[in-house]
Amino acid sequence: LNRLLRPADFQRVFRAATRSADRYFTVLWQQNHLPAPRIGFAIAKKRIADAVVRNRLRRVARESFRHQLVELGSVDIVILAQSAAATATNQELFRSLANHWRRIAAATSQLDSKSTGTKEPRGSNFDG
C-alpha cells in the first residue's frame, strides 16, 4: 500500500485539506501529483486509548482503502478517528469509510475534469 510516511507529507495535507467527517472518522484529503493515492493515520491516544483498538481501526481503514485504490485517484489522505469508532463494529466502520471514499472519488473526478479542461459540449457551439 502507498502510505504517507514523512511529517512533511502529513503537514501538507493538514495545511490545505478538504474534510469529510462523520461520527466515526474525520478524513482529510488533498490532491497529489503521484500516480496513486496514499494514506496516513493520525489516531490520537486521547480519543482511542487502547492500542489494540487503534490498530484495529488502522487495519480496517487500510483494507477498505485497498479495495478503493482505483476509484480514488491521486490523493493524499489522512484519517483521524472519533471516539465513537472505538465501539463500532467492523461493518459500521467499513460503511463509514465507503461513504468517505465515495465523496473523495466524486470530488477528485470533478477536479480532474476541471484541470484537464474537458467539458461536455453544449448547445450549437459543437461542430461535431
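Things worth noting here:
- With the charge dipole of the stretch 1-91 set up from +1 on Lys and Arg Cβ and -1 on Asp and Glu Cβ about the Cα centre, the Cα lying farthest toward the positive end among the listed residues 16, 65, 53 is that of 53.
- Relative intensity of the stretch 53-92 on a log10 scale, I(q)/I(0) at q = 0.30 Å⁻¹, equals -1.13, per a Debye sum over C-alpha point scatterers of equal strength in the absence of solvent.
- Computed from backbone phi, the HN-Hα couplings of the stretch 16-27 come to 9, 8, 9, 10, 9, 9, 9, 6, 9, 9, 10, 10 Hz, rounded to whole numbers (Karplus: 6.51 cos²θ - 1.76 cosθ + 1.60, θ = phi - 60°; Gly and Pro given as x).
- In this structure the chain gives 63 Å² per residue of accessible area when probed at 1.4 Å with all protein chains present.
- When its C-alpha radius of gyration is set against 2.2 N^0.38 Å (N residues), the stretch 1-119 gives a value of 1.04.
- Estimated from helical segments only, the mean residue ellipticity of the chain at 222 nm is -14500 deg cm²/dmol, where each DSSP H run of four or more residues counts as -39500 (n - 2.57).
- Gained length - residue 67 relative to residue 53, 0.36 nm times residue gap less alpha-carbon distance: 2.9 nm
- Screening the chain for whole DSSP H helices of 30 Å or more along their axis (Cα) with average Kyte-Doolittle hydropathy at least -1.0 returns 90-116.
- Distance from the stretch 25-45 to the stretch 77-113 (C-alpha centre basis), Å: 11
- Note on the stretch 1-58: along the principal axes its Cα atoms extend 35, 22, 17 Å, ordered by decreasing extent.
- Residues in the stretch 1-36 that a label on residue 110 would reach, taking backbone N under 11 Å of a point 7 Å out along Cα→Cβ: none
- Take every DSSP beta bridge whose two residues both sit in the stretch 17-108; close to 75 percent of them are antiparallel.
The values are calculated or read from the model by the stated rules, or taken from the named source; none is laboratory data. Everything numeric here is computed off the predicted structure, so don't read it as measured data. All Cβ positions, glycine included, derive from the backbone under ideal geometry; neighbour counts span all protein chains shown. Areas reflect the complete protein model, heavy atoms only, side chains present, ligands, DNA and RNA absent. Shrake-Rupley method; radii C 1.70, N 1.55, O 1.52, S 1.80 Å.
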